[in-house]
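The values are calculated or read from the model by the stated rules, or taken from the named source; none is laboratory data. Everything numeric here is computed off the predicted structure, so don't read it as measured data. All Cβ positions, glycine included, derive from the backbone under ideal geometry; neighbour counts span all protein chains shown.
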Amino acid sequence: MPEDRQHRLENLAFDLAGKSQGLASTLNGEVIRSVGDLVRSMNCYYSNLIEGHNTHPTNIEKALRDDYSDDPEIRDLQLEARAHIEVQRLIDEGKAPPHALTGAFALWAHKEFCKRLPNALLSVTNPETGENVNVIPGQLRSGDVQVGRHVAVSVDELNLFMGRFEEAYGSVPSRARQVIAVAAAHHRMLWIHPFYDGNGRVVRLQSYACFRELGIGSALWSVARGLGRNVQEYKLRLQAADMPRQGDLDGRGNLSLKGLEEFCEFFLTVCIDQVNYMQSILEPNELLRRIGLYCRDEVDAGRLMKGSFNLLREALLSGSLERGRAPEITGYADRQARKVLKGLLDRRLLVSDSPKGAVRLSFPEHVLESWLPRLYPTA
(Lines give C-alpha, C1' and ligand atoms only; values in the text may rest on other atoms or scores of the structure.)
Protein backbone atom coordinates (compact mmCIF):
# COMPACT_ATOMS: atom_id res chain seq x y z
CA MET A 1 0.00 0.00 0.00
CA PRO A 2 1.22 3.53 -0.72
CA GLU A 3 2.33 5.48 2.34
CA ASP A 4 0.37 8.63 1.34
CA ARG A 5 2.09 10.82 3.92
CA GLN A 6 0.54 13.99 2.49
CA HIS A 7 -2.96 12.40 2.45
CA ARG A 8 -3.44 13.27 -1.22
CA LEU A 9 -4.74 9.80 -2.04
CA GLU A 10 -7.00 9.74 1.01
CA ASN A 11 -8.56 13.05 -0.03
CA LEU A 12 -9.13 11.73 -3.55
CA ALA A 13 -10.74 8.59 -2.12
CA PHE A 14 -13.20 10.63 -0.05
CA ASP A 15 -13.94 12.84 -3.06
CA LEU A 16 -14.63 9.83 -5.29
CA ALA A 17 -16.91 8.19 -2.72
CA GLY A 18 -18.99 11.34 -2.25
CA LYS A 19 -19.37 12.14 -5.94
CA SER A 20 -20.22 8.57 -6.93
CA GLN A 21 -22.97 8.27 -4.32
CA GLY A 22 -24.41 11.59 -5.47
CA LEU A 23 -24.55 10.44 -9.08
CA ALA A 24 -26.87 7.50 -8.40
CA SER A 25 -29.37 9.69 -6.55
CA THR A 26 -30.39 11.75 -9.60
CA LEU A 27 -32.09 9.08 -11.74
CA ASN A 28 -35.02 6.68 -11.58
CA GLY A 29 -34.12 3.01 -11.11
CA GLU A 30 -35.36 1.94 -14.55
CA VAL A 31 -33.35 4.72 -16.21
CA ILE A 32 -30.28 3.59 -14.25
CA ARG A 33 -30.89 0.11 -15.63
CA SER A 34 -30.88 1.44 -19.20
CA VAL A 35 -27.79 3.56 -18.59
CA GLY A 36 -26.16 0.46 -17.11
CA ASP A 37 -26.74 -1.42 -20.37
CA LEU A 38 -25.07 1.44 -22.21
CA VAL A 39 -22.14 1.72 -19.78
CA ARG A 40 -21.39 -1.99 -20.12
CA SER A 41 -21.00 -1.49 -23.87
CA MET A 42 -18.91 1.62 -23.32
CA ASN A 43 -16.74 -0.19 -20.77
CA CYS A 44 -16.00 -2.98 -23.21
CA TYR A 45 -15.29 -0.52 -26.05
CA TYR A 46 -12.66 1.36 -24.05
CA SER A 47 -11.18 -1.73 -22.39
CA ASN A 48 -10.69 -3.37 -25.78
CA LEU A 49 -9.35 -0.10 -27.21
CA ILE A 50 -6.64 -0.09 -24.54
CA GLU A 51 -5.60 -3.51 -25.86
CA GLY A 52 -5.44 -2.16 -29.43
CA HIS A 53 -8.77 -3.68 -30.50
CA ASN A 54 -10.96 -0.94 -31.96
CA THR A 55 -14.51 -2.29 -32.15
CA HIS A 56 -16.98 0.28 -33.46
CA PRO A 57 -19.92 0.92 -31.08
CA THR A 58 -22.33 0.03 -33.90
CA ASN A 59 -20.72 -3.40 -34.22
CA ILE A 60 -20.94 -3.88 -30.45
CA GLU A 61 -24.64 -3.06 -30.53
CA LYS A 62 -25.17 -5.48 -33.41
CA ALA A 63 -23.34 -8.24 -31.54
CA LEU A 64 -25.79 -7.89 -28.66
CA ARG A 65 -28.58 -8.55 -31.19
CA ASP A 66 -26.73 -11.60 -32.62
CA ASP A 67 -26.03 -9.66 -35.81
CA TYR A 68 -22.44 -10.60 -36.64
CA SER A 69 -20.29 -9.44 -39.53
CA ASP A 70 -19.32 -11.76 -42.38
CA ASP A 71 -15.76 -10.43 -42.02
CA PRO A 72 -14.01 -12.93 -39.68
CA GLU A 73 -11.82 -10.26 -38.08
CA ILE A 74 -14.75 -7.96 -37.28
CA ARG A 75 -16.81 -10.93 -36.09
CA ASP A 76 -14.05 -11.98 -33.69
CA LEU A 77 -13.92 -8.47 -32.23
CA GLN A 78 -17.71 -8.49 -31.88
CA LEU A 79 -17.53 -11.77 -29.95
CA GLU A 80 -14.78 -10.33 -27.76
CA ALA A 81 -16.90 -7.27 -27.00
CA ARG A 82 -19.93 -9.37 -26.17
CA ALA A 83 -17.80 -11.53 -23.87
CA HIS A 84 -16.72 -8.49 -21.87
CA ILE A 85 -20.29 -7.19 -21.61
CA GLU A 86 -21.65 -10.55 -20.45
CA VAL A 87 -19.02 -10.87 -17.71
CA GLN A 88 -19.73 -7.36 -16.46
CA ARG A 89 -23.45 -8.17 -16.45
CA LEU A 90 -22.69 -11.16 -14.20
CA ILE A 91 -20.87 -8.77 -11.85
CA ASP A 92 -23.81 -6.34 -11.90
CA GLU A 93 -26.24 -9.19 -11.15
CA GLY A 94 -24.20 -10.32 -8.14
CA LYS A 95 -23.08 -13.57 -9.77
CA ALA A 96 -19.34 -13.01 -9.37
CA PRO A 97 -17.31 -14.45 -6.48
CA PRO A 98 -17.28 -12.26 -3.36
CA HIS A 99 -14.22 -10.16 -2.56
CA ALA A 100 -12.94 -8.91 -5.92
CA LEU A 101 -9.34 -8.36 -4.79
CA THR A 102 -8.57 -12.06 -4.70
CA GLY A 103 -6.98 -14.62 -6.95
CA ALA A 104 -10.29 -16.50 -7.02
CA PHE A 105 -12.02 -13.51 -8.60
CA ALA A 106 -9.23 -13.05 -11.16
CA LEU A 107 -9.44 -16.73 -12.16
CA TRP A 108 -13.24 -16.52 -12.41
CA ALA A 109 -13.16 -13.35 -14.54
CA HIS A 110 -10.51 -14.82 -16.84
CA LYS A 111 -12.47 -18.05 -17.28
CA GLU A 112 -15.81 -16.33 -17.93
CA PHE A 113 -14.25 -13.89 -20.38
CA CYS A 114 -12.01 -16.28 -22.30
CA LYS A 115 -14.49 -19.14 -22.61
CA ARG A 116 -16.67 -16.80 -24.66
CA LEU A 117 -13.88 -15.87 -27.09
CA PRO A 118 -13.34 -17.36 -30.55
CA ASN A 119 -10.35 -19.68 -30.93
CA ALA A 120 -8.50 -17.04 -32.97
CA LEU A 121 -8.24 -14.86 -29.84
CA LEU A 122 -7.08 -17.67 -27.54
CA SER A 123 -3.54 -17.87 -28.83
CA VAL A 124 -0.57 -15.58 -28.17
CA THR A 125 2.91 -15.46 -29.66
CA ASN A 126 6.04 -15.26 -27.54
CA PRO A 127 7.96 -12.31 -29.07
CA GLU A 128 11.29 -13.80 -27.97
CA THR A 129 10.85 -17.30 -29.42
CA GLY A 130 8.00 -16.90 -31.91
CA GLU A 131 6.24 -19.81 -30.21
CA ASN A 132 2.43 -19.83 -30.16
CA VAL A 133 0.92 -20.47 -26.73
CA ASN A 134 -2.71 -21.40 -26.13
CA VAL A 135 -4.62 -19.38 -23.54
CA ILE A 136 -6.69 -21.69 -21.31
CA PRO A 137 -9.69 -19.95 -19.71
CA GLY A 138 -9.32 -19.64 -15.95
CA GLN A 139 -5.81 -21.09 -15.73
CA LEU A 140 -2.62 -19.33 -14.66
CA ARG A 141 0.14 -19.25 -17.22
CA SER A 142 2.52 -22.22 -17.22
CA GLY A 143 5.57 -20.35 -18.49
CA ASP A 144 7.54 -17.14 -18.02
CA VAL A 145 6.68 -13.99 -19.97
CA GLN A 146 8.09 -10.55 -20.64
CA VAL A 147 5.86 -7.58 -21.46
CA GLY A 148 7.95 -4.83 -23.02
CA ARG A 149 10.77 -4.24 -20.54
CA HIS A 150 8.87 -5.82 -17.68
CA VAL A 151 9.84 -9.37 -16.78
CA ALA A 152 6.73 -10.74 -15.06
CA VAL A 153 6.80 -12.88 -11.95
CA SER A 154 8.40 -16.28 -12.54
CA VAL A 155 5.91 -19.07 -13.07
CA ASP A 156 7.40 -20.89 -10.07
CA GLU A 157 6.43 -17.96 -7.84
CA LEU A 158 2.99 -17.14 -9.25
CA ASN A 159 1.03 -18.77 -6.44
CA LEU A 160 3.27 -17.11 -3.85
CA PHE A 161 2.67 -13.66 -5.32
CA MET A 162 -1.09 -14.23 -5.77
CA GLY A 163 -1.23 -15.18 -2.11
CA ARG A 164 0.69 -12.06 -1.15
CA PHE A 165 -1.71 -9.99 -3.30
CA GLU A 166 -4.67 -11.20 -1.23
CA GLU A 167 -2.79 -10.68 2.02
CA ALA A 168 -1.90 -7.10 1.11
CA TYR A 169 -5.30 -5.97 -0.19
CA GLY A 170 -7.79 -8.31 1.47
CA SER A 171 -7.79 -6.79 4.95
CA VAL A 172 -7.29 -3.05 4.53
CA PRO A 173 -8.97 -1.44 7.57
CA SER A 174 -10.39 1.97 6.66
CA ARG A 175 -12.81 2.81 3.87
CA ALA A 176 -10.54 5.44 2.36
CA ARG A 177 -7.61 3.03 2.33
CA GLN A 178 -9.84 0.39 0.71
CA VAL A 179 -10.50 2.80 -2.16
CA ILE A 180 -6.76 3.43 -2.50
CA ALA A 181 -6.23 -0.34 -2.45
CA VAL A 182 -8.32 -0.68 -5.63
CA ALA A 183 -5.88 1.60 -7.43
CA ALA A 184 -2.77 -0.06 -5.99
CA ALA A 185 -4.08 -3.56 -6.70
CA HIS A 186 -4.82 -2.55 -10.28
CA HIS A 187 -1.12 -2.01 -10.89
CA ARG A 188 0.14 -4.92 -8.79
CA MET A 189 -2.08 -7.51 -10.51
CA LEU A 190 -0.83 -6.33 -13.90
CA TRP A 191 2.73 -6.47 -12.55
CA ILE A 192 2.23 -10.10 -11.49
CA HIS A 193 0.73 -10.79 -14.95
CA PRO A 194 -0.87 -14.12 -13.97
CA PHE A 195 -2.21 -15.08 -17.42
CA TYR A 196 -0.68 -15.40 -20.84
CA ASP A 197 -3.33 -12.99 -22.17
CA GLY A 198 -6.39 -11.16 -20.90
CA ASN A 199 -4.68 -9.60 -17.86
CA GLY A 200 -5.73 -6.04 -18.71
CA ARG A 201 -9.38 -6.90 -19.19
CA VAL A 202 -9.44 -9.02 -16.05
CA VAL A 203 -7.92 -6.31 -13.88
CA ARG A 204 -10.27 -3.61 -15.21
CA LEU A 205 -13.24 -5.88 -14.44
CA GLN A 206 -11.69 -6.48 -11.03
CA SER A 207 -11.44 -2.74 -10.33
CA TYR A 208 -15.04 -2.26 -11.48
CA ALA A 209 -16.28 -5.08 -9.22
CA CYS A 210 -14.31 -3.85 -6.23
CA PHE A 211 -15.74 -0.34 -6.47
CA ARG A 212 -19.22 -1.86 -6.54
CA GLU A 213 -18.41 -3.90 -3.42
CA LEU A 214 -17.35 -0.72 -1.66
CA GLY A 215 -20.62 0.97 -2.60
CA ILE A 216 -19.01 3.75 -4.63
CA GLY A 217 -18.97 2.10 -8.01
CA SER A 218 -22.14 1.72 -10.04
CA ALA A 219 -23.44 0.91 -13.48
CA LEU A 220 -23.46 4.65 -14.20
CA TRP A 221 -19.76 5.32 -14.73
CA SER A 222 -16.78 3.54 -16.20
CA VAL A 223 -13.18 3.27 -15.03
CA ALA A 224 -12.24 1.96 -18.47
CA ARG A 225 -13.48 5.07 -20.29
CA GLY A 226 -11.15 7.30 -18.30
CA LEU A 227 -8.18 4.99 -18.78
CA GLY A 228 -8.94 4.52 -22.47
CA ARG A 229 -9.11 8.26 -23.09
CA ASN A 230 -5.73 8.66 -21.37
CA VAL A 231 -4.22 5.42 -22.63
CA GLN A 232 -0.66 6.66 -23.17
CA GLU A 233 -0.42 8.17 -19.69
CA TYR A 234 -2.08 5.04 -18.27
CA LYS A 235 0.60 2.81 -19.74
CA LEU A 236 3.43 5.16 -18.79
CA ARG A 237 2.18 5.35 -15.18
CA LEU A 238 2.00 1.55 -15.05
CA GLN A 239 5.57 1.30 -16.32
CA ALA A 240 6.85 3.90 -13.86
CA ALA A 241 5.40 1.92 -10.96
CA ASP A 242 7.25 -1.18 -12.23
CA MET A 243 10.68 0.40 -12.00
CA PRO A 244 12.95 -0.69 -9.13
CA ARG A 245 15.70 1.54 -7.75
CA GLN A 246 19.39 1.02 -8.52
CA GLY A 247 19.30 -2.68 -9.23
CA ASP A 248 16.72 -3.49 -6.54
CA LEU A 249 15.10 -6.13 -8.74
CA ASP A 250 12.40 -7.22 -6.33
CA GLY A 251 10.37 -4.09 -7.14
CA ARG A 252 10.32 -2.73 -3.59
CA GLY A 253 12.67 0.19 -4.07
CA ASN A 254 11.77 3.81 -3.37
CA LEU A 255 11.31 4.61 -7.02
CA SER A 256 8.72 1.87 -7.49
CA LEU A 257 6.87 3.05 -4.36
CA LYS A 258 6.88 6.61 -5.66
CA GLY A 259 5.68 5.33 -9.01
CA LEU A 260 2.89 3.38 -7.32
CA GLU A 261 1.71 6.46 -5.44
CA GLU A 262 1.73 8.49 -8.65
CA PHE A 263 -0.21 5.73 -10.44
CA CYS A 264 -2.81 5.64 -7.67
CA GLU A 265 -3.20 9.42 -7.84
CA PHE A 266 -3.64 9.22 -11.61
CA PHE A 267 -6.11 6.33 -11.32
CA LEU A 268 -8.32 7.97 -8.68
CA THR A 269 -8.25 11.32 -10.48
CA VAL A 270 -9.42 9.60 -13.66
CA CYS A 271 -12.26 7.95 -11.73
CA ILE A 272 -13.41 11.28 -10.28
CA ASP A 273 -13.27 12.84 -13.75
CA GLN A 274 -15.52 10.07 -15.09
CA VAL A 275 -18.08 10.49 -12.31
CA ASN A 276 -18.13 14.27 -12.95
CA TYR A 277 -18.59 13.68 -16.67
CA MET A 278 -21.47 11.24 -16.25
CA GLN A 279 -23.06 13.57 -13.70
CA SER A 280 -22.97 16.38 -16.25
CA ILE A 281 -24.54 14.44 -19.13
CA LEU A 282 -27.13 12.58 -17.03
CA GLU A 283 -28.46 15.64 -15.20
CA PRO A 284 -32.21 15.15 -15.88
CA ASN A 285 -33.10 18.65 -17.03
CA GLU A 286 -30.16 18.87 -19.42
CA LEU A 287 -30.72 15.35 -20.72
CA LEU A 288 -34.38 16.17 -21.27
CA ARG A 289 -33.42 19.33 -23.15
CA ARG A 290 -31.12 17.39 -25.52
CA ILE A 291 -33.77 14.73 -26.11
CA GLY A 292 -36.25 17.51 -26.91
CA LEU A 293 -33.93 19.08 -29.49
CA TYR A 294 -33.35 15.67 -31.05
CA CYS A 295 -37.10 14.97 -31.29
CA ARG A 296 -37.79 18.36 -32.83
CA ASP A 297 -35.26 17.72 -35.60
CA GLU A 298 -36.47 14.15 -36.17
CA VAL A 299 -40.12 15.24 -36.37
CA ASP A 300 -39.20 18.01 -38.83
CA ALA A 301 -37.36 15.43 -40.95
CA GLY A 302 -40.31 13.04 -40.86
CA ARG A 303 -38.44 10.29 -39.02
CA LEU A 304 -40.49 10.56 -35.82
CA MET A 305 -44.13 11.45 -35.25
CA LYS A 306 -45.39 14.35 -33.19
CA GLY A 307 -46.00 13.27 -29.63
CA SER A 308 -42.80 11.21 -29.50
CA PHE A 309 -41.10 13.59 -27.08
CA ASN A 310 -44.01 13.31 -24.62
CA LEU A 311 -43.50 9.53 -24.35
CA LEU A 312 -39.72 9.83 -24.04
CA ARG A 313 -40.07 12.49 -21.35
CA GLU A 314 -42.45 10.32 -19.35
CA ALA A 315 -40.07 7.35 -19.63
CA LEU A 316 -37.16 9.47 -18.37
CA LEU A 317 -39.02 11.03 -15.46
CA SER A 318 -41.10 8.02 -14.37
CA GLY A 319 -38.71 5.24 -15.34
CA SER A 320 -41.26 3.30 -17.37
CA LEU A 321 -44.79 3.59 -18.70
CA GLU A 322 -47.59 1.18 -19.54
CA ARG A 323 -48.41 1.03 -23.24
CA GLY A 324 -52.06 1.77 -22.54
CA ARG A 325 -51.10 5.24 -21.30
CA ALA A 326 -49.83 6.33 -24.74
CA PRO A 327 -53.11 8.11 -25.70
CA GLU A 328 -53.21 10.00 -22.38
CA ILE A 329 -49.58 11.11 -22.67
CA THR A 330 -49.55 12.01 -26.38
CA GLY A 331 -53.07 13.51 -26.46
CA TYR A 332 -53.92 11.39 -29.51
CA ALA A 333 -56.62 8.82 -30.12
CA ASP A 334 -55.71 5.22 -29.40
CA ARG A 335 -54.75 4.24 -32.96
CA GLN A 336 -52.56 7.31 -33.56
CA ALA A 337 -50.94 6.98 -30.14
CA ARG A 338 -50.02 3.37 -30.89
CA LYS A 339 -48.30 4.54 -34.11
CA VAL A 340 -46.24 7.06 -32.15
CA LEU A 341 -45.26 4.36 -29.65
CA LYS A 342 -44.41 1.89 -32.42
CA GLY A 343 -42.15 4.45 -34.09
CA LEU A 344 -40.15 4.83 -30.88
CA LEU A 345 -39.93 1.06 -30.38
CA ASP A 346 -38.82 0.58 -34.00
CA ARG A 347 -36.02 3.13 -33.48
CA ARG A 348 -35.12 1.39 -30.17
CA LEU A 349 -35.61 4.67 -28.29
CA LEU A 350 -38.01 2.76 -26.07
CA VAL A 351 -37.57 -0.91 -25.20
CA SER A 352 -39.59 -3.51 -23.34
CA ASP A 353 -38.89 -6.83 -21.66
CA SER A 354 -41.96 -8.40 -23.27
CA PRO A 355 -44.17 -7.77 -26.33
CA LYS A 356 -46.95 -6.18 -24.28
CA GLY A 357 -45.03 -5.08 -21.21
CA ALA A 358 -44.21 -1.60 -19.96
CA VAL A 359 -41.63 0.35 -21.96
CA ARG A 360 -38.55 2.18 -20.70
CA LEU A 361 -36.03 4.60 -22.15
CA SER A 362 -33.12 3.19 -24.15
CA PHE A 363 -29.88 4.65 -25.48
CA PRO A 364 -29.14 3.12 -28.91
CA GLU A 365 -25.87 3.99 -30.58
CA HIS A 366 -27.44 6.21 -33.25
CA VAL A 367 -28.66 8.82 -30.71
CA LEU A 368 -25.67 8.90 -28.37
CA GLU A 369 -23.93 11.92 -29.82
CA SER A 370 -27.19 13.90 -29.55
CA TRP A 371 -28.31 12.68 -26.14
CA LEU A 372 -25.01 11.90 -24.39
CA PRO A 373 -22.31 13.87 -26.23
CA ARG A 374 -18.64 12.81 -26.16
CA LEU A 375 -19.40 9.39 -24.70
CA TYR A 376 -17.35 7.86 -27.50
CA PRO A 377 -14.65 9.51 -29.64
CA THR A 378 -16.47 11.45 -32.36
CA ALA A 379 -14.46 9.71 -35.12
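Assorted remarks:
- For segment 191-236, a residue qualifies if it is in a helix (DSSP H, G or I), over 15 Å from the mean Cα position of the chain (by Cα) and more than 20 Å from Pro97 (Cα to Cα), and the qualifying residues are Trp191, Ile192, Gln232, Glu233, Tyr234, Lys235, Leu236.
- The residues of segment 69-100 that are part of a loop (DSSP other than H, G, I, E, B) and of a type outside the set (Gly, Ala, Ser), listed by number, are Asp70, Asp71, Glu93, Lys95, Pro97, Pro98, His99.
- Among the residues of segment 76-89, some residue qualifies, meaning at least one is at pLDDT 90 or above and over 18 Å from the mean Cα position of the chain (by Cα).
- Selection within segment 1-47: residues that are assigned to a helix (DSSP H, G or I), polar (S, T, N, Q) and in contact (Cβ under 8 Å) with a residue 40 or more places away in the chain. The member of this set that is surrounded by the fewest Cβ atoms within 10 Å (Cβ to Cβ) is Gln21.
- Odd one out for Thr102, checked against (1) surrounded by 21 or more Cβ atoms within 10 Å (Cβ to Cβ); (2) within 21 Å of the chain's Cα centre (by Cα): (1)
- Within segment 77-95, residues that are closer than 19 Å to Arg33 by Cβ and assigned by TED's automatic domain parsing to the domain that holds Ala63 have Cβ atoms under 6 Å from residues that are crowded, with 16+ Cβ neighbours inside 10 Å and among the acidic types (Asp, Glu) in these pairs: Val87/Glu112, counting only partners at least 6 apart in sequence or on another chain.
- The residues listed here are Leu345, Leu287; of these, the one that is surrounded by 13 or more Cβ atoms within 10 Å (Cβ to Cβ), without any contact (Cβ under 8 Å) to a residue 60 or more places away in the chain and either farther than 30 Å from Glu10 by Cα or small (Gly, Ala, Ser) (or both) is Leu345.
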